[in-house]
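The following block contains the structure, expressed as structure tokens.
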Amino acid sequence: MTADGGAAGRLDDGLEEALAALAASPRPLVALDFDGVLAPLVDDRDAARPLERSSAALAALAGLEGERAVALALVSGRPLASLVPLAAPPAAAALVGSHGAEVRMPGDEEPSAPLDAWQEALLGDVVARARAVVADHPGTDLEVKPAGAVLHTRTADVATASAAQRALVDGPGRLPGVRVLRGKDVVELAVLDVDKGRSLEALREDLGATAVLYAGDDVTDEHAFAVLRDGDVGVKVGDGGTAARHRVAGPEDVALLLERVLALRTG
Ligand SMILES: [Mg+2]
């Protein structure tokens, strides 16, 4: 963050240096969370849109060819059915949805759908119990995903939000095979053992990346920061504790960061 508190407009020297090293690597992977990173956080999650500058920079990065080519990925907690229409990612980008439960590699028509019959049944049970929690807690909301259910409490009052989260975690969250993932004003119950760190490791391998840039704003992004290695660049967006080496203030700085990678890769 810059000395004046992270005003958009320039990146600090440490981050500039790290980006230069990343851009000099043969095949960098730029992997980004969506909400709070490409798109500013908003109360209505259907209204989230990437900043114009970030979309333009991503499209330009996707268009680089040959030795200048950069691998791209979006890594989101959202299901792909929600992420894709909102993010409108370049066709060349790998897409990870639902924290890794859904993966669509460049060129794939359909995402992987990895639930077995037992997990399908477990998901049905989790969703039914989570719906009961939402019915008891006004202002909360349930999002059903391909491999989990998410309780959203952003629009509930603080006491109701925490009561609902407790009811969810102490209820369906304790079913065998259920994993609890906590984020900002959300608690997700997942029936697959996935997280963004494992997803990022798989992307690194599958895309043949020689260095990775990962930017994320939420607690669930810490799994991704935790798997970064020497030569990788971890960027925490916004406030909060993090394992990432670098930090920027918000999505405006992410746009700047993407423009820098583009300039470094083409210059
Ligand atoms: Mg996020």
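For the chain, what is the relative contact order in percent, using Cα pairs closer than 8 Å and at least 6 residues apart in sequence?
Relative contact order here is 25 percent.
Further question: For the stretch 6-116, what does the alpha-carbon gyration tensor say about shape, rounded, prolate or oblate, given a ≥ b ≥ c as the root eigenvalues, a/c under 1.5 as rounded, and a/b over b/c as prolate?
Numbers: a/c = 1.97, a/b = 1.26, b/c = 1.56.
Because a/c hits 1.5 or more and a/b fails to exceed b/c, the stretch 6-116 counts as oblate.
Let me ask another. Can you tell me the length gained on complete extension of the stretch Ala91 to Leu142, counting 0.36 nm per residue apart and subtracting the Cα distance?
Values: separation 51, 0.36 × 51 = 18.36 nm, distance 2.98 nm.
Taking 0.36 nm per residue and subtracting the Cα distance, the gain is 15.4 nm.
Along each of its three principal axes, how wide is the spread of alpha-carbon positions in the stretch 150-236, in whole angstrom units, largest first?
Extents along the principal axes, in whole Å: 46, 28, 16.
Taking the Cα centre as origin and putting +1 on Lys and Arg beta-carbons and -1 on Asp and Glu beta-carbons, what dipole magnitude results for the chain, to the nearest 20 debye?
For this selection, approximately 140 debye.
Same structure again: For the stretch 70-182, max minus min Cα coordinate along each principal axis, in Å, sorted largest first?
45, 33, 18
Just tell me the longest site-free run in the chain, where the sites are GluC sites (Glu not before Pro) in a DSSP loop having at most 15 other beta-carbon atoms within 10 Å.
110-267
Over all directions, the average projected area of the alpha-carbon convex hull for the stretch 117-190 comes to how many nm²?
Details: hull surface 16.4 nm².
Answer in nm², one decimal: 4.1.
Explain nothing, just the number: dipole magnitude of the stretch 117-190 about its Cα centre with +1 on each Lys and Arg Cβ and -1 on each Asp and Glu Cβ, in debye rounded to the nearest 20.
Computed about the Cα centre, the dipole is about 180 debye.
Considering only DSSP states other than H, G, I, E and B, which trypsin sites (Lys or Arg not before Pro) in the stretch 131-169 qualify as loop sites with at most 16 other Cβ atoms within 10 Å?
Within the stretch 131-169, the qualifying trypsin sites (Lys or Arg not before Pro) (loop, at most 16 other Cβ atoms within 10 Å) are Arg154.
Among residues other than Ala209 whose Cβ falls under 13 Å from its Cβ, what is the net charge (Lys/Arg +1, Asp/Glu -1)? Write out the running numbers ahead of the final one.
Details: positive: Arg27, Arg204, Arg229; negative: Glu201, Glu205, Asp206, Asp232.
Value of the local net charge: -1.
In a solvent-free Debye calculation with one equal scatterer on each Cα, what is log10 I(q)/I(0) for the chain at q = 0.12, 0.14, 0.15 Å⁻¹, listed in the order of the q values?
-0.71, -0.94, -1.06
Here, each number is a calculation from the coordinates, and none is a lab measurement. In this text, all values refer to a predicted model and were calculated from it rather than measured experimentally. Please note: Cβ atoms are built from the backbone with ideal geometry, for glycine as well, and neighbour counts cover all protein chains shown.
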